[in-house]
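Below: the structure, in structure tokens.
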Amino acid sequence: MVNATTIKQGVVRSKSSHPLLRSISGTSRMYRKGEILFIEGDPPQWLFLIQQGKVVLSKNLPNGNKTIVSVRVSGELVGEVAVFDGRPYDTDAIALTDVHVIRFPRSAFLYALRTDPSLAEQIIADLASRLRQAQETICLLSTQRVEKRLAALLLMLIPRFGTRTEEGIILDSSFSRYDLAAMAGTTVETTVRTLSAWAQDGIIKKYRRQIVIVDARKLAQIAKES
């Protein structure tokens, strides 16, 4: 028994709350941290449902750098846009942690959408949520000052990846300084320098693999500064 999912000979059937698992049989697959699910330009053969772990979606930039466009977590889909329109995947998908996913063939997914209205409604809702996140990212990257972008990024991460403690809000330790820099559209050096300055000012506490947000109000002020 794995998260209410029975796995027999690689085929997965589940009573999970996600309607996709009630409509289609998929195959279970494990990816170790750093392993690639797919790369930009691959044909959209599979739709992925994350059962456990985190997957980062990134794009290659013309200058040779990468930018992180999204992080997907347990219960969320990966590769849905390409599976819908039939065009190649438009990002790289890499395991940020050890990841357990269920893969569904594109043809089976499209057939299920045509025959299961409740599934189609759920997928549309998921896509609407993705669109909102994309709009927030566009607004974030359009901000000129690095400090504003990084402050806004940390505030965006709190609802999904923050844990409130007496010390402050602890961000998920799976995010490296490189990940934060890629999401904020800046360099690792600038990210480290900005975080260190905030730590000196008492806005955050910075450990080797963890960031604790002590003063979220001050971060909000920085994000709103002209």
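Here is a yes/no grid of residues against (1) touching a strand residue (DSSP E or B) at 6+ places or on another chain (Cβ under 8 Å); (2) surrounded by 14 or more Cβ atoms within 10 Å (Cβ to Cβ):
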{"residue": "Val83", "(1), (2)": "yes, yes"}
{"residue": "Ala93", "(1), (2)": "yes, yes"}
{"residue": "Arg106", "(1), (2)": "yes, yes"}
{"residue": "Arg114", "(1), (2)": "no, no"}
{"residue": "Ser118", "(1), (2)": "no, no"}
{"residue": "Ser129", "(1), (2)": "no, no"}
{"residue": "Ala134", "(1), (2)": "yes, no"}
{"residue": "Leu153", "(1), (2)": "no, yes"}
{"residue": "Thr163", "(1), (2)": "yes, no"}
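Among the residues making up region 79-133, those that are more than 18 Å from the chain's Cα centre (by Cα) and not in a helix (DSSP H, G or I) are Gly86, Arg87, Pro88, Phe104, Pro105, Asp116. For region 198-219, the count of residues that are in a helix (DSSP H, G or I), within 27 Å of Leu77 (Cβ to Cβ) and in contact with a strand residue (DSSP E or B) (Cβ under 7 Å, 6 or more places away or on another chain) is zero.
None of Gly53, Gly41 is outside the structural domain of Arg160 (by TED's automatic domain parsing) and surrounded by fewer than 18 Cβ atoms within 10 Å (Cβ to Cβ) except Gly41. Residue count for region 75-111 satisfying the condition of being over 21 Å from Gly34 (Cα atoms), free of Cβ contacts under 8 Å to residues at least 60 places away in the same chain and among the aromatic types (Phe, Trp, Tyr): 2.
The rows are residues; the columns are (1) in contact (Cβ under 8 Å) with a residue 24 or more places away in the chain; (2) within 25 Å of Leu113 (Cα to Cα); (3) in a loop (DSSP other than H, G, I, E, B).
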{"residue": "Ser28", "(1), (2), (3)": "yes, yes, no"}
{"residue": "Lys33", "(1), (2), (3)": "yes, no, yes"}
{"residue": "Phe48", "(1), (2), (3)": "yes, yes, no"}
{"residue": "Val56", "(1), (2), (3)": "yes, no, no"}
{"residue": "Pro62", "(1), (2), (3)": "no, no, yes"}
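With respect to Pro117, is the statement that it is in the same structural domain as Arg32 (by TED's automatic domain parsing) and at pLDDT below 90 true? It is true that Pro117 is in the same structural domain as Arg32 (by TED's automatic domain parsing) and at pLDDT below 90.
The values are calculated or read from the model by the stated rules, or taken from the named source; none is laboratory data. Since we're looking at a predicted model, the values are computed, not measured. Backbone-built Cβ (ideal geometry, glycine too); neighbour counts: all protein chains shown.
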